[in-house]
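The values are calculated or read from the model by the stated rules, or taken from the named source; none is laboratory data. This is a predicted model, so every value here is computed, not measured. Note that we place each Cβ from the backbone using ideal geometry, even for glycine, and neighbour counts take in every protein chain shown. Surface areas here come from the heavy atoms of the whole protein model, side chains and all, with no ligands, DNA or RNA. Shrake-Rupley method; radii C 1.70, N 1.55, O 1.52, S 1.80 Å.
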Amino acid sequence: MADISFLKDADFRREIKSSPAVGYLLFGEEDYLKNLAVTYARETLVGDPSLACFNEIILDALDFHPEKLRSALMSFPMMADRKVILVRGLDLNAMKASEIDLLCEVLGELEEYDYNTLLLPIAADCIDEGILPRRPSPLLTKLSSLLRPVRYERCTPQKLIGWCIRHFEHNGAEATPDVCQLLIDRCGRNMMTLAGEIDKISYYVLSHSRTAVTPADISTVASYTAEYDAFAFAGALMERNAARALDILSEMKFRRTEPLFILSEVVRTGCDMLAVLLLTREGKTPAEVSSILKLHEYKVSLYRRHAAQAGEGAIRRMIAAAQSADRALKLSPQGYVALESLICSI
């Protein structure tokens, strides 16, 4: 299968400003950056806001049909060189094969209406990407032959810290790299989530007549994510740290996180960590492990470090105990008691 050349955000913005293509597929893990890119394209291409009702057509997933897209392509722009068509909210994984075929048929007609720029942002987990960059899925390959593909990957840890610092500064607050790392450890690496948490923390700090964000502010205001909960809970189980595990469980109970969801995430985390450990022993590099398991390299590095500390035996014990608790919970509604028993059994 031929390699696909993916654009980066800087390439996309440069093209939009100078010579926009007839269509773009915006995909990848980071929805926050996709949303910013769509906003930039709309503002750049539509230009005069008074003509937006003529030069911008938005089609939502709730009532989308490829024939509506075909109809939108036909109208000419008003007092402008181009018209923008935004198709938003499509879940390609939930669409039937016949619906995908019809969509691709219409996308294949874009060149006939070259006064349009179609924007098709796809949320994370709403398209099967395959194993990138080497083995893109058939669907991604097909769409990339019809639209210019723009990939939005998760930021590297260092870039993400820099972005957090700038976001705090935009709000009038100040945060050190260590504080930002604490926020990321607590809330995960999703920029959409982090943006909301940074706004929340900034307003909290400023309301107390301060600008400097402290670790205590992070603990007081920022919300844990399920990703952090599962990883932290699994870590406490592997370390046989019952007090720590009970503290994390208390947080999850307070937020009414479903026990079955907790157990499924713990098992998944443990299995991913074990797979990382075994592949590393085979001599695979972090990049190769990331490609094989479809995990971000940051997560692979994190799992490698913790797996090496815990050891294969501890990981396997934790997975087996969590699976037993999951079976027990499905056979009899024990609620959080099953999780408390799990903690005591490790």
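Scan segment 143-158 for residues that are more than 30 Å from residue 179 (Cα to Cα) and in contact with a helix residue (DSSP H, G or I) (Cβ under 6 Å, 6 or more places away or on another chain) and jot them down.
146, 150
Sort through 181, 158 and tell me the only one that's open to solvent by 30 Å² or more (accessible area, probe 1.4 Å) and touching a Cys at 6+ places or on another chain (Cβ under 9 Å).
Only one candidate qualifies: 181.
With the requirement that a residue be of a type outside the set (S, T, N, Q), part of a loop (DSSP other than H, G, I, E, B) and buried (at least 17 other Cβ atoms within 10 Å of the Cβ), what does segment 186-221 give you?
188, 189, 213
Can you tell me how many residues in segment 98-119 are assigned to a helix (DSSP H, G or I) and either in contact with a Gly (Cβ under 8 Å, 6 or more places away or on another chain) or open to solvent by 10 Å² or more (accessible area, probe 1.4 Å) (or both)?
12
Quick check, is residue 320 within 19 Å of residue 244 (Cα to Cα) and either at pLDDT 90 or above or hydrophobic (A, V, I, L, M, F, W, C) (or both)? Walk me through it before giving the result.
Working: within 19 Å of residue 244 (Cα to Cα): no; either at pLDDT 90 or above or hydrophobic (A, V, I, L, M, F, W, C) (or both): yes.
Answer is no for this residue.
Considering segment 120-131 alone, what residues qualify as being in contact with a Leu (Cβ under 8 Å, 6 or more places away or on another chain) and part of a loop (DSSP other than H, G, I, E, B)?
Passing the criteria: 122, 126, 127, 128, 129.
I'd like the full set of residues that are farther than 15 Å from residue 81 by Cβ, at pLDDT 95 or above and either of a type in the set (Asp, Glu) or not in a loop (DSSP other than H, G, I, E, B) (or both), limited to segment 2-32.
Matches in segment 2-32: 7, 9, 10, 11, 12, 13, 14, 23, 24, 25, 26, 27.
Step by step: first the residues of segment 173-223, then only those that are of a type in the set (Lys, Arg) and free of Cβ contacts under 8 Å to residues at least 60 places away in the same chain, then the one that is farthest from residue 37 (Cα to Cα). Which residue is that? Steps first, answer last, please.
Going through segment 173-223, the residues of a type in the set (Lys, Arg) turn out to be 186, 189, 200, 210.
Next, only the ones that are free of Cβ contacts under 8 Å to residues at least 60 places away in the same chain stay: 186, 200, 210.
Numbers: 186: 27, 200: 24, 210: 33 Å.
Looking at the filtered set, the residue picked out is 210.
With respect to residue 300, determine if the residue is under 20 Å from the mean Cα position of the chain (by Cα), under 26 Å from residue 324 (Cβ atoms) and among the hydrophobic types (A, V, I, L, M, F, W, C).
Details: under 20 Å from the mean Cα position of the chain (by Cα): yes; under 26 Å from residue 324 (Cβ atoms): no; among the hydrophobic types (A, V, I, L, M, F, W, C): yes.
No: the conditions fail for residue 300.
Considering only segment 235-248, state which residues are surrounded by fewer than 18 Cβ atoms within 10 Å (Cβ to Cβ) and in contact (Cβ under 8 Å) with a residue 24 or more places away in the chain.
Scanning segment 235-248 gives 239, 240, 242, 246.
Looking at (1) open to solvent by less than 10 Å² (accessible area, probe 1.4 Å); (2) under 30 Å from residue 54 (Cα atoms); (3) free of Cβ contacts under 8 Å to residues at least 60 places away in the same chain, can you tell me which one residue 126 breaks?
So residue 126 meets the others, but not (1).
Starting from segment 259-287, keep only residues that are modelled with pLDDT of 90 or more, then list their pairs with residues that are basic (Lys, Arg) and crowded, with 18+ Cβ neighbours inside 10 Å whose Cβ atoms are within a distance under 8 Å, requiring at least 6 positions of separation or different chains.
Pairs that qualify, where the first residue is modelled with pLDDT of 90 or more and the partner is basic (Lys, Arg) and crowded, with 18+ Cβ neighbours inside 10 Å, are 272/299.
I'd like the residue in segment 249-275 that is of a type in the set (D, E, K, R), within 18 Å of residue 319 (Cα to Cα) and out of contact with any Asp or Glu (no Cβ under 8 Å at 6 or more places or on another chain) and, out of all such residues, is least open to solvent (accessible area, probe 1.4 Å).
272
Please list, ordered by first then second residue, the pairs with beta carbon atoms under 7 Å, 6 or more apart or interchain, first in segment 91-105 and within 15 Å of residue 120 (Cβ to Cβ), second modelled with pLDDT of 95 or more and among the basic types (Lys, Arg).
104/142
Filter segment 276-319 down to residues that are within 28 Å of residue 252 (Cα to Cα) and open to solvent by 30 Å² or more (accessible area, probe 1.4 Å), then give me how many there are.
Adding up the residues that qualify gives 18.
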